[in-house]
Amino acid sequence: MTNKITFDIHHRAPFADGAGFGDTGAYEHIRGRVHFAVDPRAPAQAAVTDIALAPRDADGLVHCAADFEILRPLDGARGNGRLFYDYGNRGNKRALQFFNDAPKTNAPGGLADAGNGFLMRRGYHILWMGWQGDLLPGDGRMLFDVPIATDGDTPLTGTVRTELIAGGPGVTVFPLSSLVTARSNPAVSKDTRRARLSRRRYAWSPREDIPADRWAFARLERGPGVDNQGMENAVVPSDSHVCLPEGFETGWIYEIVYEARDPQVLGLGHLAVRDAVSFLKYGDVDAKGTPNPLKDNGGRVDYAYAWGRSQTGRCIRDALYLGFNADASGRRVFDGVLPHVAGAGKMWMNHRFANLVLLPGQEFENHFSPADRFPFAYAVSTDHLTGAVDGILKRPDTDPKVIHTDTAAEYWHRRAALVHTDTEGNDLPQPDGVRIYHWASTQHFAAPKVDKPGFGMSQTYFNVAASSMLFRATLDNLDAWVSQGIAPPESLMPRRADGTLVSFDVWKAGFPQIPGVALPRGPSRLELMDFGADIDLGLIAKDPPDLPGGEYCVQVPATDVDGNDIAGIRVPMVQAPLGTYTGWSLRNATFGLGALEGITGTYIPLPTREDERAQTGDPRVSVVERYGNAAGYAHAIGAAARSLVDAGLMLDEDVAQAVAEAADWGRPRHDVKL
């Protein structure tokens with residue numbers, strides 16, 4: 001029996017007020033729902049955990065459904081024949097923000113939402129579709145509805161562990177998923193004596209148990225009272241919330257371990273992406289006879305590409321590892337993929353009671369995550385701690401071209417060096433179809449538009465180095481590689497062999513001693529974790545995991561005299577710096593003093609003049625000594641940008657924008673006191 005797919009279109013409208021985009025012309029915006037009916041017995045979906053325990057219809061098929069949106073050329077014949085799938089991030093659309101430098105929105109419609117129009121000028125069909133089955137409605141998120149697995153008429157149960165970290169004072173309630181945007185695995189019992197709530201100062205600190213009579217499985221509700229007595233509060237029992245009336249103290253990691261029920265079949269998300277993209281690429285009409293929405297206006301799909309950042313970069317890696325880039329007929333689904341800021345992780349997704357919304361393991365939060373297990377590299381290698389031999393790419397007939405991009409933050413927080421080393425830290429040759437680029441001295445989330453540098457929970461400014469121009473060149477390079485066989489520039493990342501990938505001790509010895517700046521105690525470590533014998537079958541028996549001993553080698557990029565990364569793609573702001581831009585930042589005293597603040601970097605302004613440098617003892621050359629005046633700085637940025645164009649790493653059209661943003665000392669992005 002074959003899988004079935006149907007596209008129900010609910011909305012069609014002109015995009016961007018009907019504006020034209022170069023040779024492609026105007027675009028159309030399509031919204032709707034896509035329905036999947038899946039044969040749970042077929043080998044093509046055998047890798048989906050618990051699919052055999054999902055409810056079936058009279059034909060023996062398992063059902064799921066997703067929101068989808070498409071931006072397509074109004075005249076399909078004017079498109080470029082490429083499908084660009086934006087995996088999004090936790091249901092949020094991201095591609096227009098990062099490739100088009102457009103405003104952040106989940107409801108693109110007007111001309112401003114097209115930004116610089118890059119993807120449209122290139123002629124792409126752009127697809128968004130929900131794949132994350134534990135998301136709740138709200139804020140325009142793309143949803144994916146999946147079934148609950150059962151053992152016949154008996155609910156499935158199991159142990160669930162969630163970390164809860166308050167982002168400010170006054171927090172007394174958390175959903176058991178930790179975030180309000182995601183479904184919680186409901187508790188079997190609301191008797192707190194059958195669960196454990198604890199807290200600890202840092203990930204490795206001993207746990208302090210919170211007595212069962214001081215907390216509850218409950219939520220708070222607030223509403224108007226009677227007789228003009230004002231607002232009233234109520235504690236409402238809930239199998240999906242935890243309430244601590246005294247409050248969750250900031251700077252502490254709270255952890256709840258409880259028995260949950262009713263797991264969703266979340267691995268269907270991989271299958272849905274596979275089947276939807278395969279149909280749009282190869283199909284003509286769906287199961288109800290509805291024409292393929294990318295081909296009914298003269299369009300075509302010659303190649304399909306996927307881009308995901310952070311969570312969804314990991315999702316791409318996970319799907320490749322599990323074999324979901326081959327469709328049910330054995331054909332390649334994505335011809336090229338762009339995992340961005342994924343680090344060395346995959347997903348905690350195709351597991352019973354998984355929690356897809358959580359951040360993966362870092363030094364402080366969620367340190368012991370099932371997402372962070374061998375293999376880490378695309379190339380096949382050996383785990384020196386277990387003897388296992390594995391890699392993400394093992395299916396040459398259906399593996400795509402891969403351009404993997406990480407920032408400095410992934411080396412510090414997400415063990416990115418393991419993407420291109422073996423588990424002992426030795427440089428690992430990459431497959432021919434893989435490129436790895438380190439976006440040197442940039443941070444995980446680098447919004448194209450920055451009003452001013454911010455602090456968050458950190459002791460220092462967040463990293464402000466701009467990098468969005470690299471997305472556009474990277475996609476052009478991927479397309480040329482796939483469609484024309486033109487190889488992109490060779491991988492650019494730090495390497496142990498040339499001394500640009502180093503241990504923390506070597507890094508610390510080479511980093512400048514900047515007055516008043518505390519240094520980290522190291523990057524986020526990665527211990528060997530034992531979640532139980534059936535972890536690869538999607539079943540977790542030990543959570544928190546056992547730590548049998550041994551660690552993987554986590555290395556970081558070496559820096560120059562300014563503290564900026566040496567190896568990788570150095571964006572214009574790093575080549576012509578106004579500060580030190582790092583992949584790490586440290587939490588302040590309120591939020592876990594001294595620990596790495598999750599997936600963020602630091603901007604440490606240079607001394608402005610020589611007298612300031614002398615007074616403070618700052619070893620870095622001052623701004624005025626380097627550039628003389630604002631025009632000198634803008635000139636240096638322009639020269640750096642043109643060097644990237646010459647190297648095939650930046651588009652010529654982006655040079656003028658880089659120079660324009662450098663005017664007036666790069667303000668407001670930079671804090672230059674001149």
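Derivation of every value follows stated rules applied to the coordinates shown; laboratory data play no part. Every value quoted in this text rests on a predicted model; they were computed, and no experiment measured them. Every residue, glycine among them, receives a Cβ derived from its backbone with ideal geometry; neighbour counts consider all protein chains shown.
Packing, taken as the mean count of other beta carbons within 10 Å per residue, orders the peptides 118-129, 288-299 from highest to lowest as 118-129, 288-299. Decide, for the range 92-186, between rounded, prolate and oblate: order the square roots of the alpha carbon gyration tensor eigenvalues as a ≥ b ≥ c, take rounded if a/c falls under 1.5, and otherwise choose prolate if a/b is larger than b/c, else oblate. Since a/c reaches 1.5 but b/c is at least a/b, the shape of the range 92-186 is classed as oblate. Among 20-28, 303-311, 226-234, the peptide with the highest mean count of other Cβ atoms within 10 Å heads the list, and the full ranking is 303-311, 20-28, 226-234. Considering only Ile148, Ala379, Phe15, and ranking their Cα positions along the charge dipole of the chain that arises from unit charges at the beta-carbon of Lys, Arg, Asp and Glu, the one farthest toward the positive end is Phe15.
Once R0 is set to 41 Å, what does the formula 1/(1 + (r/R0)^6) return for the Cβ-Cβ distance between Asp191 and Asp530, expressed as a FRET efficiency to the nearest 0.05? Don't skip to the end; give the middle numbers.
Numbers: r = 29 Å, r/R0 = 0.71.
The pair Asp191/Asp530 has a calculated efficiency of 0.90.
Simple spin-label estimate for Leu385 and Val621 gives 4.3 nm between the two label positions (7 Å along the Cα-to-Cβ direction from each Cα). In plain terms, the chain from Ala212 to Asp611 could stretch by 137.6 nm, reckoned as 0.36 nm per residue minus the Cα-Cα distance.
From the Cα gyration tensor of the range 41-148, with a ≥ b ≥ c the square roots of its eigenvalues, which class applies: rounded if a/c is under 1.5, or else prolate if a/b is larger than b/c, or else oblate? Here the range 41-148 falls in the prolate category. Relative to the Cα centre, the charge distribution of the chain, modelled as +1 at Lys and Arg Cβ and -1 at Asp and Glu Cβ, gives a dipole magnitude of about 380 debye. Within straight-line reach of Lys542, meaning a Cα separation under 13 Å, sit the following aspartates and glutamates at least 8 residues removed in sequence or on another chain: Glu259, Asp530, Asp534. Number of Lys-Lys pairs in the range 281-423 with C-alpha atoms under 25 Å apart and a separation of 8 or more places or on different chains: 6. For the range 478-497, the residues whose backbone nitrogen is under 18 Å from a point 7 Å from the Cα of Asp652, taken along Cα to Cβ, are 480. Size descriptors for the chain: radius of gyration and Dmax over Cα atoms are 25.2, 81 Å.
Within the shell defined by Cβ-Cβ distances under 15 Å, the residues around Glu612 carry a net charge of 0, with Lys and Arg each +1 and Asp and Glu each -1.
Listed from fewest to most Cβ neighbours within 10 Å, the set Leu470, Leu674, Leu385 follows the order Leu674, Leu385, Leu470. Label separation (Lys508 vs Gln484): 4.9 nm, computed from points 7 Å beyond Cα along the C-beta direction.
Given R₀ = 56 Å, FRET efficiency for Leu547-Lys104 by Cβ-Cβ distance, to 0.05? Working shown, then result.
Working: r = 39 Å, r/R0 = 0.70.
Given R0 = 56 Å and the Cβ-Cβ separation, E is 0.90.
Listed by chain and number, the lysines placed with their C-alpha closer than 20 angstrom to that of Lys104 are Lys93, Lys449, Lys452; residues fewer than eight positions away on the same chain are left out.
Can you tell which of Gly230, Pro137, Phe511 lies farthest toward the positive end of the dipole of the chain, using +1 and -1 charges on the Cβ of basic and acidic side chains (Lys, Arg; Asp, Glu)? Working it through, the farthest residue towards the positive pole turns out to be Gly230. In this structure, Asn629 and Glu259 have a Cβ-Cβ separation that, at R0 = 60 Å, corresponds to a calculated FRET efficiency of about 0.35.
Distance between the modelled labels on Arg201 and Gln229, one decimal in nanometres: 4.4 nm (7 Å Cα→Cβ projection).
On full extension of the chain, what length is gained from Ala13 through Lys288, given 0.36 nm per residue of separation minus the C-alpha to C-alpha distance? Intermediate values should be presented prior to the final figure.
Details: separation 275, 0.36 × 275 = 99.00 nm, distance 2.30 nm.
Result: 96.7 nm gained on full extension.
Which order do Glu410, Glu661, Glu597 fall in if you start with the one that has the fewest other Cβ atoms within 10 Å? Don't skip to the answer; put the middle values down first.
Values: Glu410 29, Glu661 20, Glu597 26.
Least to most surrounded, the residues fall as Glu661, Glu597, Glu410.
Normalised by the number of residues in the chain, the average gap of Cα pairs under 8 Å and 6 or more apart makes the relative contact order 11 percent.
The mean sequence distance of close C-alpha pairs (under 8 Å, at least 6 residues apart), as a share of the length of the range 157-261, puts its relative contact order at 46 percent. Over all other residues within a Cβ to Cβ distance under 15 Å of Val180, the charged ones net out to +1, with Lys and Arg as +1 and Asp and Glu as -1.
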